[in-house]
Amino acid sequence: MGSKIKRIAVFTSGGDSPGMNAAVRSVVRTCAFLKVDCLAVYRGYQGMIEGDFVTMDARSVNNIINKGGTILKSARCDDFRTKEGRKMAYDQLIKAGIDAFVVIGGDGSFRGALKFNEEYNFPIIGIPGTIDNDIFGTRYTLGFDTALNTVVEAIDKIRDTASSHNRLFFVEVMGRDVGHIALNAGVGAGAEEVLIPELDLGLERLLDSLKRSKKSGKSSSIVVVAEGDKIGKNVFELKEYVEEHLPIYDVRVSVLGHMQRGGAPSAFDRVLASRMGVKAVEAILEGKSNLMVGIMDSKITLYPIDEAIMGHTKIDKELIRVSDIMST
Ligand code: ADP
Ligand code: F6P
């Protein structure tokens, strides 16, 4: 390919997500295939500042495609937010002869990469790794599909006990700013209601909906609540509120927490990660920078990172309608 780029670094940063290892593997193997040196950076920007690098070859990434978490570790690094910290990172990259990097992470990690590029004109390409699916320019982020399947499986199990005891469960799922996991899991697991940050359902509507649910003959109910929901009450307060206003309900709460970020990636995420890693290395070798690899209409695409991190992706209104119809 006659590129000036001879050595590429890859790292994972911010919140981990299933599929990150598959993406690392893909970047490393694509470098090996195209005969470009590849170095891994441990612990994201923190490791970059400390020069925590290791040379990777095709065999360094054996047997990781199926593993959750990230073998490169991830970190949140306050020093990288400072000019001095980024200068230290730059010096380490130059010392190691690195010409470009691929960052696998969320919007914060991308923000850091853009800042770095702005200051040092250093080529950077992003791969979106977050279970939240909240990044523009890609229909799916790495890990969303796996997390969604994990949540649906967990709710199925909660449903078993809910229905045995005729109970109402509030199930809190991840999604600090967006309700993609909550809404999709709600539809996939047949929840009666879904509370998401994008929609303020309101406490009155929630009570009405639960009353209707009872009247229609349902013996148990599941309400999926995104952690960033704006109803004004957390799941435990919701339980108390419903028990006070609808004493017919025996209410329980289940907070799924970080189990949603773990586990073996789904086949979908493994394939997506493999495709994204190839595209990321090819883009760098073609002299591109400041782009994020995404998937749109089943095609792997490149999208400006500055646009990818502008706010959060919108919730699917049609899916909200489907969810409402299904809870009849
Ligand atoms: P995520 O990538 O999952 O959104 P964070 O928001 O925690 O996770 O970001 C990961 C890391 O990226 C931060 O710990 C920090 O080192 C770096 N970072 C985030 N925002 C910036 C910024 N505005 N400038 C420089 N570095 C940043
Ligand atoms: O990965 C995204 C996310 O799962 C959010 O939905 C959640 O609020 C956050 O990470 C929690 O991350 P941590 O516990 O690492 O701060």
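Between D316 and K211, what length in nm is gained on full extension when 0.36 nm per residue of separation is reduced by their alpha carbon distance? Working shown, then result.
Numbers: separation 105, 0.36 × 105 = 37.80 nm, distance 2.63 nm.
Separation in residues times 0.36 nm, less the Cα-Cα distance, equals 35.2 nm.
Relative contact order of the stretch 145-261: what whole-number percent is it, with Cα pairs under 8 angstrom and at least 6 residues apart? Present the calculation step by step, with values, prior to reporting the outcome.
Values: 207 pairs, mean separation 45.0, N = 117.
Relative contact order comes out at 38 percent.
For S298 and D250 in one chain, what is 0.36 nm times their gap in residues minus the Cα-Cα distance, to one decimal in nm?
Computed gain between S298 and D250 is 12.8 nm.
Bin width 5 Å, alpha-carbon pairs only: give the P(r) of the stretch 145-261 as whole percents, running from 0 to the bin holding the largest distance.
2, 13, 25, 27, 20, 10, 3, 0
Given Cα pairs under 8 Å that are at least 6 residues apart, what percent is the relative contact order of the chain?
Averaging sequence separation for qualifying contacts and normalising by length gives 24 percent for the chain.
Give, to the nearest whole percent, the P(r) tail of the stretch 23-79 beyond 17 angstrom, counting all Cα pairs. Kindly include the intermediate steps, with their values, before the conclusion.
Values: 640 of 1596 pairs.
I get 40 percent for the Cα pairs in the stretch 23-79 exceeding 17 Å.
Which links in K215/K314; K6/K83; K73/K233; K67/K230; K6/K299 stretch past 29 Å when you go from one Cα to the other? Provide the component values of the computation, followed by the final result.
On the way: K215/K314 33 Å; K6/K83 26 Å; K73/K233 34 Å; K67/K230 34 Å; K6/K299 27 Å.
Table pairs above 29 Å Cα-Cα are K215/K314; K73/K233; K67/K230.
If you line up the long axis of helix 203-215 against the longest principal axis of the chain, both from Cα atoms, how many degrees apart are they, to the nearest 10?
Helix 203-215 sits roughly 60 degrees off the main axis of the chain.
Could you check the spin-label model distance between K6 and L203? Points 7 Å from the Cα along Cα→Cβ, value in nm.
That separation, rounded to one decimal, is 6.7 nm.
Can you tell me the orientation of helix 144-164 relative to the chain, as the angle in degrees between its alpha-carbon axis and the longest Cα principal axis, to the nearest 10?
20
Could you tell me which of S60, T138, G190 has its Cα farthest along the dipole of the stretch 53-212 towards the positive end, charges placed at Cβ (Lys, Arg +1; Asp, Glu -1), taken about the Cα centre?
Farthest towards the positive pole: S60.
Name the residue from H245, V255, G175 whose Cα lies farthest towards the positive end of the charge dipole of the stretch 145-261, charges +1 on Cβ of Lys and Arg and -1 on Cβ of Asp and Glu.
H245
Between V271 and D324, what is the label-to-label distance in nm when each label sits 7 Å out along the Cα-to-Cβ direction?
3.4
Could you work out what % of the accessible surface of the chain is carbon and sulfur, using a 1.4 angstrom probe and leaving DNA, RNA and ligands out of the count?
50
Figure the gain on full extension for N121 and S219 (residue separation times 0.36 nm, minus the Cα-Cα span) and round it to one decimal in nm. Intermediate values should be presented prior to the final figure.
Numbers: separation 98, 0.36 × 98 = 35.28 nm, distance 6.11 nm.
Using 0.36 nm per residue and subtracting the Cα-Cα distance, I get 29.2 nm.
How about the stretch 1-60: which trypsin sites (Lys or Arg not before Pro) there lie in a loop by DSSP and see at most 10 other Cβ atoms within 10 Å? Kindly include the intermediate steps, with their values, before the conclusion.
Values: sites: K4, K6, R7, R25, R29, K35, R43, R59; in loops: K4, K6, K35, R43.
In loop regions of the stretch 1-60 (DSSP not H, G, I, E or B), the sparsely surrounded trypsin sites (Lys or Arg not before Pro) are K4, K35.
For the chain, what is the convex hull (Cα atoms) projected area averaged across all directions, in square nanometres?
Averaging across all directions leaves 16.6 nm² for the Cα convex hull.
Solvent-accessible area per residue for the stretch 145-261 at a 1.4 Å probe radius, Å²?
44
Taking a point 7 angstrom from the Cα of D156 along the C-beta vector, which residues in the stretch 179-197 have backbone N less than 13 Å away?
Residues 188-190 qualify, since their backbone N sits under 13 Å from the label point.
Compute the separation of the alpha-carbon centres of the stretch 1-39 and the stretch 135-160 and state it in Å as a whole number.
Taking the Cα centre of the stretch 135-160 as reference, the centre of the stretch 1-39 is 26 Å away.
The values are calculated or read from the model by the stated rules, or taken from the named source; none is laboratory data. This one's a predicted model, so the numbers in the text were calculated from it and none came from an experiment. Methodologically, a virtual Cβ is constructed for each residue, glycine included, from the backbone with ideal geometry; neighbour enumeration extends over all protein chains shown. To get the accessible areas, we keep the full protein, side chains included, count just its heavy atoms, and leave off ligands, DNA and RNA. Shrake-Rupley method; radii C 1.70, N 1.55, O 1.52, S 1.80 Å.
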